[in-house]
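Q: Here it is, the structure in full.
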Amino acid sequence: MKILVIGGTGLIGSKLVKILARRGHDAIAASPATGVNTITGEGLAEALDGVDVVVDVANSPSFEDRAVLEFFETSGRNLLAAEAAAGVRHHVALSVVGTHRLAESGYFRGKIAQEKLIEAAGIPYTIVHSTQFFEFLGGIVQSGAVGQEVRLSPAYVQPIASDDVALAMADATLAPPVNGIIEIAGPERVRLAALVQRYLLKSGDGRKVMADGQARYFGALLEDDTLVPGPGPRLGETGFETWFSRSNART
Ligand SMILES: NC(=O)c1ccc[n+]([C@@H]2O[C@H](COP(=O)([O-])OP(=O)(O)OC[C@H]3O[C@@H](n4cnc5c(N)ncnc54)[C@H](OP(=O)(O)O)[C@@H]3O)[C@@H](O)[C@H]2O)c1
């Protein structure tokens, strides 16, 4: 199959392109760095020529509320219109577990807009909802950092390694469209504040994490189970300790 990976130079996209190629497919990385821009439309129609499946793992370069919404709305509109014109048979996108419970957050309003466009486009689709990537723990530290303290919610998380996300995305890409959502998560459910404290300690970072039920997660208040999947998610096999020992994790 010919598969176009939008955001194919990113963390998940670059791993996904390699997995699909190893499985014998013609997988192409598309992003501004390769001359394909879903915001300006540059290179999009040409890149979609003869493509069977599109996977969208792009992300907004800015996490500022308005910029994220504009990115996912404009990118989604341009991409889905170009796919319809090119006769693409399956649109696969990566989003986040709990997205629809997180509308207080500007970032997640962007993801909700992206998913609505996909559902309305009339192209068969699969939306994969992943929990937080272990690789994103540094970003979570930054989001809660106030001086020498990191203030974070004690809500549950079930983070996943990006390698396991890419494998799940490859399987979803090669399977028939589900016209709905698949959930994926890591093997262990832990409290966010406690996990980040372990991460800082292992990274040799002396900052203390304060568990605070009122601390917002990218603008949203969390209930205990806001960020964890419902029953029966696909589970990645890599736990935190294994991921950390394999990574060069530093805050
Ligand atoms: N972080 C998490 O914990 C988490 C959890 C669940 C789901 N997700 C979702 O996972 C997805 C991928 O995340 P990631 O961390 O792999 O992203 P990333 O490493 O930041 O990569 C973003 C990709 O988007 C591309 N891109 C940016 N602007 C573009 C444009 N105008 N047109 C086409 N491509 C563009 C970038 O291309 P260039 O390299 O050319 O700039 C890059 O390839 C996101 O949609 C995110 O919402 C993330």
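Q: Tell me whether the stretch 62-81 contains one or more residues that are at pLDDT below 95 and of a type in the set (A, V, I, L, M, F, W, C).
A: Yes.
Q: Taking the stretch 1-14 only, how many residues are surrounded by fewer than 21 Cβ atoms within 10 Å (Cβ to Cβ) and in a helix (DSSP H, G or I)?
A: 2
Q: Please specify each residue of the stretch 41-67 satisfying the condition of being farther than 18 Å from G110 by Cβ and assigned to a loop (DSSP other than H, G, I, E, B).
A: Hits for the stretch 41-67 are G41, E42, G43, L48, D49, G50, V51, D52.
Q: Here is a further query. Only one residue in R191, R207 is without any contact (Cβ under 8 Å) to a residue 60 or more places away in the chain, surrounded by fewer than 21 Cβ atoms within 10 Å (Cβ to Cβ), more than 15 Å from the chain's Cα centre (by Cα) and more than 22 Å from E115 (Cβ to Cβ), so which one is that?
A: So the residue among R191, R207 that is without any contact (Cβ under 8 Å) to a residue 60 or more places away in the chain, surrounded by fewer than 21 Cβ atoms within 10 Å (Cβ to Cβ), more than 15 Å from the chain's Cα centre (by Cα) and more than 22 Å from E115 (Cβ to Cβ) is R191.
Q: Next up: For the stretch 29-47: of the residues being in contact with a helix residue (DSSP H, G or I) (Cβ under 7 Å, 6 or more places away or on another chain) and farther than 22 Å from A113 by Cβ, which is farthest from the ligand (Cβ to nearest atom)?
A: Across the stretch 29-47, the extreme among qualifying residues is A45.
Q: Oh, and also: Name the single residue that is nearest to L69 (Cα to Cα) among those in the stretch 19-34 being surrounded by fewer than 16 Cβ atoms within 10 Å (Cβ to Cβ) and in contact (Cβ under 8 Å) with a residue 12 or more places away in the chain.
A: It comes out as A33.
Q: Is the stretch 98-107 home to any residue that is more than 11 Å from the ligand (Cβ to nearest atom) and among the hydrophobic types (A, V, I, L, M, F, W, C)?
A: Yes: the stretch 98-107 contains one or more residues that are more than 11 Å from the ligand (Cβ to nearest atom) and among the hydrophobic types (A, V, I, L, M, F, W, C).
Q: In addition: Which residues, taken from the stretch 110-128, are in a helix (DSSP H, G or I) and under 14 Å from the mean Cα position of the chain (by Cα)?
A: G110, K111, I112, Q114, E115
Q: Please return the ranges of helices (runs of 4 or more DSSP H) entirely within the stretch 134-251 where 1 or more residues are among the acidic types (D, E).
A: Helices (runs of 4 or more DSSP H) meeting the threshold: 162-174, 240-246.
The values are calculated or read from the model by the stated rules, or taken from the named source; none is laboratory data. Source: prediction; values computed, not measured. With ideal geometry, Cβ positions are generated from the backbone for all residues, glycine too; neighbour counts draw on all protein chains shown.
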